[in-house]
Amino acid sequence: MRANAGVAIAATLLFAAGTAQAETFTVTQQGKQFDIKEISLAVGDSITFTNADEYTHNIYSKSKVQKFNLGKQEPGASDAITFDNAGKVKVRCAIHPKMKLKVTVQ
Amino acid sequence: MKKLILGVAVTAIAASFSPVSAAEKSRDEWKAEYVRPSSVPHPADNPYTVEKAKLGETLFFDPRLSGANHISCGTCHNPSFAWGDGLPTGFGHGMVRLGRKTPTILNLAWSELLMWDDRFESLEEQALGPIAADVEMNQDLDELVTELQAIPEYRTLFNVAFPNEGISIENLAKAIATYERTVVSAVAPFDSWIAGDELAISEAAKRGFDLYNGKANCTACHSGWNFTDDSFHDIGLPDDDNGRGDILPEIEAMAHAFKTPTLRNVELRGPYMHDGSLADLLAVINHYDEDGVKRPSLSSDMKPLNLTQAEKIDLIFFLATLTSRDDPVPLPVLPNGKSMVVTKLKVQE
Ligand SMILES: [Cu+2]
């Protein structure tokens, strides 16, 4: 009985900690580049992609872990995406394929 | 925090000015962005060797790489036409007309994605495409290995370039890719100007350079020393080729998007565009001046330019300074393979 309660409390704590920790990171696009090349996240974290460039971008991923397409992003625009699955997600810009970001979700 | 402020500042600038005014850099600041690199990059898994490049050159110009033994890579990528074929769209096996213009292979060592629509990610991967494609060279790859093995000089060339490995399709692709990376446009009058020789290009061409980076906004896509951002844009050409949209159908901006070509030696490479539809550089500039077919995929960097006739001519003078003074490309002497009759007789003696 006691032991069971302990487990329940631990589980609740874990769960609470999990949600409280969900963080939002910012990745900036400038000069047809991302400002970082790699980032590690926990499941549930998000990235806000901010276009601080003079050019339109189109961020997407075709990775098995998570497919998404933010569509055309004009200069000044920001869009967020939440990473719900663990694994590696290769993020690219469709217009400028040299823009690459490796997202590791744990 | 610092980053946040920077982000906001940049956003404010971007919002209140067009990209053209963001180009309020001086001529000298722009010039600094066009300096030639000092060496050619080769990938770690296929490093440069003289022997590989030599073998690659031989293969590139050898028509026996094609099924009917009469089309080489060099048939379409001809050094005399700045490594294209000078046709609106070329002809492949059985004189079949191709769907897209033959692009130059100049300066591809710096390019990560290949073809008008990015079907291939490396020169190694790409090289086998045209050999096997039925409309291009129509050659069975296994048969090709057998054919090459029957030519003793090729056995030697492969053994020297790939010790202990010899003839294989992978090595053939590696050799061709290594050779292609050595195909680099030489110093042009423009480069001499960038390096400090004020007399290397005309005043009209210098005005053209200012327009290129300013009012005409060409640098939004044709940027840097190789005059390309290696990116994909819909520039509003009216034909119905969907370009990279066929590879990434879920992304609207990729409909009718094609790879930005280098503008090195562009004067020698007409007619222009993936469909060869624009006959000369004036037609190209008139296209940009009018900004093309309005559709959701049209690049946001395509806007009416309102260039005067004099400005168009300055731009053309500038583009002409990108033509390099290349040494003539000597054609390799191919392994003949037929003189073998005598050798065979000698062996029998
Ligand atoms: Cu981009």
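The values are calculated or read from the model by the stated rules, or taken from the named source; none is laboratory data. Only a predicted model underlies this, so the values are computations on that prediction, with no experimental measurement involved. Cβ sites come from the backbone with ideal geometry, for glycine too, and all protein chains shown count toward neighbours.
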Q) Would it be correct to say that B:VAL187 is hydrophobic (A, V, I, L, M, F, W, C), surrounded by fewer than 19 Cβ atoms within 10 Å (Cβ to Cβ) and under 20 Å from B:ASN336 (Cα atoms)? A) no
**Q.** First in region A:80-96 and in contact (Cβ under 8 Å) with a residue 60 or more places away in the chain, second anywhere and within 16 Å of the ligand (Cβ to nearest atom) and not in a strand (DSSP E or B), Cβ under 6 Å, 6 or more apart
**A.** A:CYS93/A:MET99; A:HIS96/A:LYS32; A:HIS96/B:SER231
Q) Considering region B:221-243 alone, what residues qualify as being more than 15 Å from A:LYS72 (Cα to Cα), facing another protein chain (nearest Cβ under 8 Å) and touching a strand residue (DSSP E or B) at 6+ places or on another chain (Cβ under 9 Å)? A) B:ASP230
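Criterion first (under 14 Å from the mean Cα position of the chain (by Cα) and surrounded by fewer than 17 Cβ atoms within 10 Å (Cβ to Cβ)) does A:LYS102 satisfy it?
yes
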Q. How many residues are of a type outside the set (A, V, I, L, M, F, W, C), within 16 Å of the ligand (Cβ to nearest atom) and not in a strand (DSSP E or B) when one looks only at region A:20-49?
A. 4
Q) Yes or no: B:LEU141 surrounded by fewer than 19 Cβ atoms within 10 Å (Cβ to Cβ), within 25 Å of B:CYS76 (Cα to Cα) and in contact with a helix residue (DSSP H, G or I) (Cβ under 8 Å, 6 or more places away or on another chain)? A) yes
**Q.** Any hit, region B:87-104, residues being of a type in the set (A, V, I, L, M, F, W, C), within 14 Å of B:GLY270 (Cα to Cα) and at pLDDT 95 or above
**A.** yes
Q: Show the residue pairs that are 6+ apart or on different chains and have beta-carbon atoms under 7 Å apart, the first residue being within region B:141-160 and part of a helix (DSSP H, G or I), the second being of a type in the set (Ser, Thr, Tyr).
A: B:VAL145/B:SER168; B:LEU148/B:TYR154; B:LEU157/B:THR58
Q: Take A:ALA52 and decide whether it is touching a helix residue (DSSP H, G or I) at 6+ places or on another chain (Cβ under 6 Å) and either more than 11 Å from the ligand (Cβ to nearest atom) or among the aliphatic types (A, V, I, L, M) (or both).
A: yes
Q: Check B:GLU121 against each of (1) in contact with a Leu (Cβ under 9 Å, 6 or more places away or on another chain); (2) of a type in the set (D, E, K, R); (3) touching a residue at least 24 places away in the same chain (Cβ under 8 Å) and name the one condition it does not meet.
A: (3)
Q. Any chance region B:203-220 includes a residue that's within 25 Å of the chain's Cα centre (by Cα), among the hydrophobic types (A, V, I, L, M, F, W, C) and surrounded by fewer than 18 Cβ atoms within 10 Å (Cβ to Cβ)?
A. no
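Taking the options B:LEU315, B:LEU278, name whichever one is buried (at least 20 other Cβ atoms within 10 Å of the Cβ) and at negative phi.
Only one candidate qualifies: B:LEU315.
May I ask you to list the residues in region B:97-120 that are more than 14 Å from every other protein chain (Cβ to nearest Cβ) and over 12 Å from the mean Cα position of the chain (by Cα)?
Those that are more than 14 Å from every other protein chain (Cβ to nearest Cβ) and over 12 Å from the mean Cα position of the chain (by Cα): B:ARG97, B:LEU98, B:GLY99, B:ARG100.
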**Q.** Where B:LYS303 falls short, out of the listed (1) assigned by TED's automatic domain parsing to the domain that holds B:THR228; (2) more than 22 Å from the chain's Cα centre (by Cα); (3) farther than 26 Å from A:LYS72 by Cβ; (4) part of a loop (DSSP other than H, G, I, E, B)
**A.** (3)
Q) For region A:67-79, does any single residue satisfy the condition of being more than 15 Å from the ligand (Cβ to nearest atom), more than 10 Å from chain B (Cβ to nearest Cβ), part of a strand (DSSP E or B) and in contact (Cβ under 8 Å) with a residue 24 or more places away in the chain? A) no
Q) Any idea how many residues of region A:80-99 are assigned to a loop (DSSP other than H, G, I, E, B), crowded, with 16+ Cβ neighbours inside 10 Å and away from the ligand (no atom under 13 Å from the Cβ)? A) 1
Q. Can you name the condition, by its number, that A:GLY18 falls short on among (1) surrounded by fewer than 16 Cβ atoms within 10 Å (Cβ to Cβ); (2) in contact with a strand residue (DSSP E or B) (Cβ under 6 Å, 6 or more places away or on another chain); (3) modelled with pLDDT under 95; (4) not β-branched (Val, Ile, Thr)?
A. (2)
